[in-house]
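To start, the structure itself, in structure tokens.
The values are calculated or read from the model by the stated rules, or taken from the named source; none is laboratory data. These numbers were taken from a predicted model, which means no experiment stands behind them. Using ideal geometry, Cβ is built from the backbone for each residue, glycine included, and neighbour counts are taken over all protein chains shown. All accessible areas refer to the heavy atoms of the entire protein, side chains included, with ligands and DNA or RNA removed. Shrake-Rupley method; radii C 1.70, N 1.55, O 1.52, S 1.80 Å.
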Amino acid sequence: MNKVLKTILEWVVLFILAWVISIGIRTFVLDTRVVPTGSMLPTIQLQDRVIFDKLFYRFDDFERGDIIMFKAPPAAGESDDLVKRVIGLPGETIEIKNGKVWVNGEAIEEPYLNDVPDYEYGPLEIPEDSYFMLGDNRNNSKDSHIWGVLPKENIKGRVFIRYWPLDRFGTLK
């Protein structure tokens, strides 16, 4: 085989291998999304690009404050994936009153909020295998206070890095 043909064949094989690895990573390990709304302001800005973990989160429990990507439940009336913050865990009782979120009767600290909620909700006991999700921009977020709890099977992954724009590159927690 002549040298030029061999070089071309090596590049084609390399390109196909890179493509297959890329598809495998995006399908099973990591994926990206553009955040199309301001529901997570100020933590995530409009049109920020984030990376979410599709694999490793399955070996860990969610904690209050985690930001996750999930398939919108039917009651949300959305077809796109959503990004919100985990506020309530299975078995906890959630109530929103006096501008604060109360979990099991205690107000939680939320330094990431844009504004305090100007609505009341609950109390609601979160069923097993479900989560209560809220956007950081509480008064402009269609979240669990509107459509109810999120079933665990709707979760697609944990958002952990903002990669664009570069001046705000970093982890999200």
message: I want to verify a result. In a Gaussian network model of the chain, Cα cutoff 10 Å, which of these has the top mean-square fluctuation: Leu113, Leu17, Leu30?
response: Leu17
- prompt: Tell me, what % of the accessible area of the chain is carbon and sulfur with a 1.4 angstrom probe?
  reply: 59 percent
- line: Here the longest stretch of the chain that holds no GluC sites (Glu not before Pro) in a DSSP loop having at most 11 other beta carbon atoms within 10 Å is 1-62
query: What is the percent of Cα-Cα separations in the chain that go past 23 Å?
result: 46 percent
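If you stretched the chain out fully between Ala18 and Thr32, how much longer would it get, using 0.36 nm times the residue separation minus the C-alpha to C-alpha distance?
Once the chain is fully extended between Ala18 and Thr32, it gains 3.3 nm.
Could you sort out which of Lys71/Lys100; Lys54/Lys142; Lys71/Lys152 sit more than 21 Å apart by Cα distance in this structure?
Long pairs (Cα-Cα over 21 Å): Lys71/Lys100; Lys54/Lys142.
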task: Using the 2.2 N^0.38 Å rule of thumb for compact globular proteins, work out how the range 46-123 stacks up: its C-alpha Rg over that value, please.
output: 1.24
message: If the elastic network links every pair of Cα atoms under 10 Å, which of Ala75, Ala107, Ala18 fluctuates the most in the Gaussian network model of the chain?
response: Ala18
task: Please report, in debye to the nearest 20, how large the charge dipole of the chain is about its Cα centre when each Lys and Arg carries +1 at its beta carbon and each Asp and Glu carries -1 there.
output: 1020 debye
message: Considering the Cα positions of the range 78-173, please state its Rg to one decimal place and its Dmax as a whole number of Å.
response: 14.0, 41
- request: Among Leu113, Tyr57, Thr93, flag the residue with its Cα farthest along the positive direction of the charge dipole of the range 36-173, charges on Cβ as +1 for Lys/Arg and -1 for Asp/Glu.
  value: Tyr57
- request: Two decimals is fine: what is log10 I(q)/I(0) at q = 0.28, 0.31, 0.32, 0.33 Å⁻¹ for the range 1-41, from a Debye sum with one equal scatterer on every Cα and no solvent?
  value: -0.89, -0.96, -0.98, -1.00
field: nm² value of the averaged projected area, convex hull over the Cα atoms of the range 55-98
entry: 4.5 nm²
Taking the C-alpha atoms of the range 1-92, convex hull volume expressed per residue in Å³: 151 Å³
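Leaving out ligands and nucleic acids, note down the accessible area per residue over the chain with a 1.4 angstrom probe, in whole Å².
Normalised by residue count, the accessible surface of the chain is 59 Å².
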message: I want to check the label-to-label distance for Ile146 and Asp129. Put each point 7 Å from Cα in the C-beta direction and report it in nm to one decimal.
response: 2.7 nm
message: Just to be sure I understand: with springs between alpha-carbon atoms less than 10 Å apart, which residue in Phe15, Phe52, Phe132 has the highest mean-square fluctuation in the Gaussian network model of the chain?
response: Phe15
statement: Under 5 Å from the placed amide H of Ser130, counting only residues 5+ away or on other chains, we find Lys152
- line: Nearest 10, in degrees from 0 to 90: the angle of helix 3-28 to the longest Cα principal axis of the chain is 10 degrees
message: Please compute the modelled spin-label separation between Val116 and Gln47, points set 7 Å along Cα→Cβ, answer in nm with one decimal.
response: 3.4 nm
